[in-house]
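Below: the structure, in structure tokens.
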Amino acid sequence: MSIFRLKPLRQHTDEQLMTRAAAGSDAAFEELYRRYARRLKGFFFMQLGGNEELAADYTHDVFLRAYEARSRYQEGRSVSTWIFTIAYNLCRNHYRNNAYEAQLLASLDAEPISEQPIEVQLDAAALDQALEQVLSELPAPLHQLFSLHYQEELTIPQVAEIIGIPEGTVKSRLHKTMNIIRKKLKRYEK
């Protein structure tokens, strides 16, 4: 018996677990579910307009698709990138199926920015609430980029691989997103 099999599953890397799941270990796949389900549900909750039921359904769909494709997992590939690629594609399909994508992509260059002269001192909680509001108003493609990079803490190359665009485009869109956020939160600068 190898040392690999004696070590508890929670001590294995994601890639080791996925390799074991690909070989037929349901226990290894369950451990991956335990590690990623909450993050994915939060990602979907933010991307799908705060709909908790839809977020739960899409989280389930990610793991169903990953389970069905487990034998095709390429050993050495980042599991988090693989799983979030599935999640990103589900979001894209959701927007496409609901005829939102064309409207949202067209709005990338036409994002209106309101400048209201309000002088208010906010504490950290109020600023967080204002940021959350700004994020909810972003077009879905920009919100997804922001979420993947800043909230899910994926690297630029990982985000580029998930979305299927060049790294330079990811950087450019993240820069644009940060400019929108800065302009909308300008009134909160001290």
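The values are calculated or read from the model by the stated rules, or taken from the named source; none is laboratory data. Predicted model only: the values in this text are computed from it and were never measured. Positions of Cβ are generated from backbone atoms using ideal geometry, with glycine treated the same way; all protein chains shown enter the neighbour counts. Keep in mind that these areas ignore ligands, DNA and RNA; they rest on the heavy atoms of the full protein, side chains included. Shrake-Rupley method; radii C 1.70, N 1.55, O 1.52, S 1.80 Å.
Things worth noting here:
- Given (1) touching a helix residue (DSSP H, G or I) at 6+ places or on another chain (Cβ under 6 Å); (2) touching a residue at least 24 places away in the same chain (Cβ under 8 Å); (3) among the β-branched types (Val, Ile, Thr), index of the condition Ile180 fails: (1)
- Qualifying residues in the range 136-155 (those that are open to solvent by 30 Å² or more (accessible area, probe 1.4 Å) and within 15 Å of His175 (Cβ to Cβ)) - the one modelled with the lowest pLDDT: Tyr150
- Some residue of the range 179-186 being modelled with pLDDT under 85, surrounded by 11 or more Cβ atoms within 10 Å (Cβ to Cβ) and touching a Lys or Arg at 6+ places or on another chain (Cβ under 9 Å): no
- Put simply, of Tyr88, Tyr73, Tyr100, Tyr58 the only residue that is modelled with pLDDT under 85 and within 23 Å of Leu142 (Cβ to Cβ) is Tyr100.
- Cβ-Cβ under 9 Å pairs, at least 6 apart or on other chains, the range 6-27 side closer than 18 Å to Phe63 by Cβ, far side modelled with pLDDT under 90 and of a type in the set (Asp, Glu): Glu15/Glu75; Met18/Glu75; Thr19/Glu75; Ala22/Glu75
- Of the residues making up the range 26-40, those that are open to solvent by 30 Å² or more (accessible area, probe 1.4 Å) and farther than 19 Å from His143 by Cβ are Asp26, Ala27, Glu30, Tyr33, Arg34, Arg35, Arg38.
- First in the range 151-175 and free of Cβ contacts under 8 Å to residues at least 60 places away in the same chain, second anywhere and assigned to a helix (DSSP H, G or I) and open to solvent by 70 Å² or more (accessible area, probe 1.4 Å), Cβ under 7 Å, 6 or more apart: Ile156/Glu167; Ile156/Lys171; Pro157/Glu167; Ala160/Glu167
- For the range 46-56, the set of residues classified as loosely packed, with under 15 Cβ neighbours inside 10 Å and more than 21 Å from Val134 (Cα to Cα) consists of Glu53 only.
- Phe43 under 28 Å from Phe146 (Cα atoms), crowded, with 16+ Cβ neighbours inside 10 Å and in contact (Cβ under 8 Å) with a residue 60 or more places away in the chain: yes
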